[in-house]
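One structure is given here, and the rest of the page talks about it.
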Amino acid sequence: MSRLPLSLAAVSAALLLGACGQKTEAPANTQTASESASAQACGRVRIANMTWQSAELLANVDKLILSAGYGCDVELVAGDTMPTLTSMIEKGQPDIAPEAWVNAIREPLENAVKDGRLHYAARSLPDGGVEGWWIPKHVADAHPEIKTIDDALKRPDLFPSVEAKGKGAVHNCPSGWSCQITTENAFKAWGAKDKGFVLVDTGSAAGLDGSIAKASERKEGWLGYYWAPTAILGKYEMVKLDAGVPHDKAAYEGCNTRADCEQPAKTDWGHTEVVTVVTTDFKQRAGQAMDYLSTRGWSNDTVNRLLAWMGDNQATGEDGARHFLRTQPELWKTWVSPEVATRVEASL
């Protein structure tokens, strides 16, 4: 490469400084041309803010990263599984459902994907949603022979009922939830009544959580239905029992999920697929923001711990999202480019 003579270089530099108002600082905006175009294309984005904590947390993480990292104009809108996905299928809004538990609406959702109206992005929870019967870890450690539901039902003495003396207790899902039906049918399928157990109506999510907290803090026995990710599993160590049988899709969906099921079957709970769903309109204009949504996902353990932190600190979804971005950069930086990561960190 040729070089200018020193004197000519000096003159050139002086002219350049004069033309620029003698400002030598690097520009604050480090976006590349492609990233700038991507931000303009991203435009206004509506994200479904679902009613449960883990979904609220992820929606806020997406809001912070898409707005600060990609320049999107993000709005969170209230949502829930059925109404949100139905609206996305029929109206193309909102643009993103960050944590869609697709089993509840699989057939119409699959049809919309096949028709090109909606698209799957990343799996929000790569290990899926988890359902089943659980016991406290202190009980599992003290009785390593208890591995399956059948093992636990051999020991009603380890899981005593408060109201039915001499009986064991299986704690049910909150009233009105679909898991209340599946737990009742599992109780029948495993013959728990004949094995000395009663089914306890916990009444509400708070009642169910309270029963786990009480048993864990007092080092007492507890047996019942639960799921992940949740705050309670981030705070108290619980062990999911092996069903001892595989998932029977036909039996589970055809009978065990129905209140009028006369002969429920022993079957494991099905793997619950949890994914991010986006509209075609958003996918077509999202640019590099779509790369982020096609990459990011976290484990149940990660979410459990974050939800426990939120509960302990009475934190909102936005508080939890900021806490995550500040404390776990080693995870979320794998979802984005270094340039995007720099902008997100600067916004915190």
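Can you tell me how much longer the chain between Thr272 and Glu107 gets when fully stretched, taken as 0.36 nm per residue apart minus their C-alpha distance, in nm with one decimal? Kindly include the intermediate steps, with their values, before the conclusion.
On the way: separation 165, 0.36 × 165 = 59.40 nm, distance 1.43 nm.
Taking 0.36 nm per residue and subtracting the Cα distance, the gain is 58.0 nm.
Of all the accessible heavy-atom surface of the chain, with the other protein chains kept in place and a 1.4 Å probe, what percent is carbon and sulfur?
Accessible surface attributable to carbon and sulfur in the chain totals 52 percent.
Let's test the formula: R0 of 51 Å, r as the Cβ-Cβ distance of Glu345 and Glu145. What FRET efficiency results, to the nearest 0.05?
0.55
If R0 is 30 Å, what FRET efficiency do you get for Lys91 and Trp177 from their C-beta distance, rounded to 0.05?
0.65
Around Asn49, what is the net charge, scoring Lys/Arg as +1 and Asp/Glu as -1 over all other residues with Cβ under 11 Å from its Cβ? Working shown, then result.
Values: positive: Arg46, Lys63; negative: Glu56, Asp62, Glu75, Asp80, Glu99, Glu318.
So the surrounding residues net to -4.
Between Val239 and Lys193, how many nm apart are label points set 7 Å from Cα along the C-beta direction?
For the pair Val239/Lys193, the computed spacing is 3.0 nm.
If I fit a long axis through the Cα atoms of helix 317-327 and take the longest principal axis of the Cα atoms of the chain, what angle between them do I get, 0 to 90°, rounded to 10?
Here the helix axis deviates by roughly 70 degrees.
Which of the aspartates and glutamates could a cross-linker span from Lys219 if the Cα-Cα distance has to be under 16 Å and same-chain partners fewer than 8 positions apart are dropped?
Partners found: Asp141, Asp157, Asp209, Glu237.
Between Gln284 and Glu163, what FRET efficiency comes out of the Förster formula 1/(1 + (r/R0)^6) with R0 = 56 Å and r the beta carbon distance, rounded to 0.05?
0.45
If you count only protein heavy atoms with a 1.4 Å probe, what accessible area per residue comes out for region 130-256, rounded to a whole Å²?
On the way: 5920 Å² over 127 residues.
Per-residue accessible area for region 130-256 comes out at 47 Å².
Could you tell me the relative contact order of the chain? Use alpha-carbon pairs under 8 Å, at least six residues apart, and round to a whole percent.
Worked out over the chain, it gives 25 percent.
Glu318 versus Ser299, label points 7 Å from Cα toward the beta carbon: distance in nm?
3.1
Give me the one-decimal nm value for the distance between modelled label points at Thr51 and Glu75, 7 Å along each residue's Cα-to-Cβ direction.
2.2
Would you mind calculating the gained length between Glu253 and Arg326 on full extension (0.36 nm times residue separation, minus the Cα-Cα distance), in nm to one decimal?
Difference between extended and current length: 22.1 nm.
If you compute P(r) over Cα pairs in 10 Å bins from 0, in percent for the structure shown, which of (1) 6, 24, 29, 20, 12, 6, 3, 1, 0; (2) 5, 23, 31, 24, 12, 4, 1, 0; (3) 5, 21, 26, 20, 13, 7, 3, 3, 2, 0 do you land on?
Derived directly from the coordinates: (3).
With a sphere of radius 10 Å drawn around the Cβ of Cys261, what net charge do the other residues whose Cβ falls strictly inside it have (Lys, Arg +1; Asp, Glu -1)?
Summing Lys and Arg as +1 and Asp and Glu as -1 gives -1.
When the Cα centres of region 314-343 and region 92-163 are compared, how far apart do they sit, in Å?
The distance from the Cα centre of region 314-343 to that of region 92-163 comes to 25 Å.
Taking Cα atoms, how many degrees apart are the long axis of helix 81-91 and the longest axis of the chain, rounded to 10 and kept between 0 and 90?
Approximately 50 degrees, to the nearest 10.
Over all directions, how big on average is the projection of the convex hull of the alpha-carbon atoms in region 130-256, in square nanometres?
Details: hull surface 29.5 nm².
Answer in nm², one decimal: 7.4.
P(r) for region 220-296: what percent of alpha-carbon pairs falls in each 5 Å bin, starting at zero?
Values per bin, smallest distances first: 3, 11, 14, 14, 13, 12, 12, 11, 7, 3, 1.
What is region 170-216 by shape, rounded, prolate or oblate, if you read a ≥ b ≥ c off the alpha carbon gyration tensor as root eigenvalues and call it rounded for a/c under 1.5, prolate for a/b larger than b/c, and oblate otherwise?
Oblate, since a/c reaches 1.5 and b/c is not below a/b.
The values are calculated or read from the model by the stated rules, or taken from the named source; none is laboratory data. Because the structure is predicted, anything quoted here is derived from the model rather than measured. Cβ: placed from backbone, ideal geometry, glycine included. Neighbour counts: every protein chain shown. Quick note on the areas: whole protein, heavy atoms, side chains included, nothing else; ligands and nucleic acids left out. Shrake-Rupley method; radii C 1.70, N 1.55, O 1.52, S 1.80 Å.
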